[in-house]
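Participant: The structure follows.
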Amino acid sequence: MVWAVGVTLLVVAWGVTKVTPGAELTEASFVTPATIGERALGSELALTIDEVVIASTVSDSRGWTAEGQWLIVDLQMSAQTTEEVTSLSTAILTVDGKMYQASERPQSLFLESLGADIVTTGSVAFELPAGADSQAATLRFAPKAGDVRLDSVIELSFDLGDLSHERSRELRPTVGGGL
């Protein structure tokens with residue numbers, strides 16, 4: 001009898017470990033799906049993606065220029081509640097399982113401080129690897145840098161092949177803002 005109860009308890013314990021969610025679920029980000037042209041609201045960030053294009057040459061209003069294959073994202077953003085700590089600290093593009101951070105070289109919205117309910121417009125730019133022009137991609141935006149587990153993330157999924165390709169594109173100047 002004691003052996004039967006012991007084996008039963010072991011089987012029940014094993015079953016509990018199999019149905020208990022792992023860290024990938026219990027620590028996952030709270031994802032808000034985004035659509036081009038529509039406002040997406042996270043816990044600390046309000047964001048509208050106006051346009052996503054690929055360009056061969058990119059420049060900014062200061063005169064910086066670079067050639068290559070660039071993904072340009074035009075945005076409108078604001079902080080939801082406070083401007084003390086809110087900025088666009090995570091801007092990640094994922095293509096074919098590889099993650100690319102927004103470039104810090106041009107003047108852009110990346111790391112820009114945001115005001116509460118004060119709309120800031122501008123762009124972010126990502127350098128694309130060669131041959132990444134017809135693959136599925138995901139953009140992720142969040143106010144917290146690095147580790148976004150258990151945090152709000154705004155996410156847009158799209159196919160790079162569906163985007164318009166431009167020979168040259170100037171990033172939208174950063175207008176509005178916070179601190």
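The values are calculated or read from the model by the stated rules, or taken from the named source; none is laboratory data. Just so we're clear, the structure is a prediction, and the values are computed from it rather than from any experiment. FYI the Cβ positions are ideal-geometry reconstructions off the backbone, even for glycines, and counts take in every protein chain you see. Areas reflect the complete protein model, heavy atoms only, side chains present, ligands, DNA and RNA absent. Shrake-Rupley method; radii C 1.70, N 1.55, O 1.52, S 1.80 Å.
Participant: Select from segment 95-132 the residues that are of a type in the set (D, E, K, R) and either under 18 Å from Ala79 (Cβ atoms) or in a strand (DSSP E or B) (or both) and write down the one among them that is least open to solvent (accessible area, probe 1.4 Å).
Facilitator: Selected residue: Glu112.
Participant: Can you tell me which residue is modelled with the lowest pLDDT among those in segment 86-97 that are under 15 Å from Leu47 (Cα atoms) and hydrophobic (A, V, I, L, M, F, W, C)?
Facilitator: In this case the residue turns out to be Leu88.
Participant: Give me the residue from segment 56-78 that is acidic (Asp, Glu) and in a strand (DSSP E or B) and, out of that set, surrounded by the most Cβ atoms within 10 Å (Cβ to Cβ). Spell out how you get there, then give the answer.
Facilitator: The first filter runs over segment 56-78 and keeps only residues acidic (Asp, Glu), leaving 60, 67, 74.
Subsequent filtering for residues that are in a strand (DSSP E or B) retains 67, 74.
Details: Glu67: 10, Asp74: 19.
Applying the filter and picking the extreme gives Asp74.
Participant: Please enumerate the residues belonging to segment 79-94 that are among the small types (Gly, Ala, Ser) and either touching a helix residue (DSSP H, G or I) at 6+ places or on another chain (Cβ under 9 Å) or part of a loop (DSSP other than H, G, I, E, B) (or both).
Facilitator: Ser89
Participant: Sticking with this one: Exactly one of (1) at pLDDT 90 or above; (2) open to solvent by 50 Å² or more (accessible area, probe 1.4 Å); (3) in contact with a Leu (Cβ under 9 Å, 6 or more places away or on another chain) is unmet by Glu83. Its number?
Facilitator: So the condition that Glu83 fails would be (1).
Participant: Identify the single condition in (1) at pLDDT below 85; (2) among the polar types (S, T, N, Q); (3) surrounded by 10 or more Cβ atoms within 10 Å (Cβ to Cβ); (4) out of contact with any Leu (no Cβ under 9 Å at 6 or more places or on another chain) that Thr8 does not satisfy, given that it satisfies every other one.
Facilitator: Here Thr8 meets the rest and fails (1).
Participant: Looking at (1) open to solvent by 40 Å² or more (accessible area, probe 1.4 Å); (2) within 15 Å of Phe110 (Cβ to Cβ); (3) of a type in the set (S, T, N, Q), which is the only condition Ser43 fails?
Facilitator: (2)
Participant: Further question: Those residues that are among the acidic types (Asp, Glu) and either within 20 Å of Ala145 (Cα to Cα) or not in a loop (DSSP other than H, G, I, E, B) (or both), I need them from segment 33-55; list them, please.
Facilitator: Glu44, Asp50, Glu51
Participant: Tell me, please, whether a residue that is closer than 16 Å to Gly42 by Cβ and among the acidic types (Asp, Glu) can be found in segment 118-141.
Facilitator: No, segment 118-141 contains no residue that is closer than 16 Å to Gly42 by Cβ and among the acidic types (Asp, Glu).
Participant: From the set of residues in segment 133-147 that are closer than 13 Å to Phe110 by Cα and modelled with pLDDT under 80, which is least open to solvent (accessible area, probe 1.4 Å)?
Facilitator: The qualifying residue least open to solvent (accessible area, probe 1.4 Å) is Ala145.
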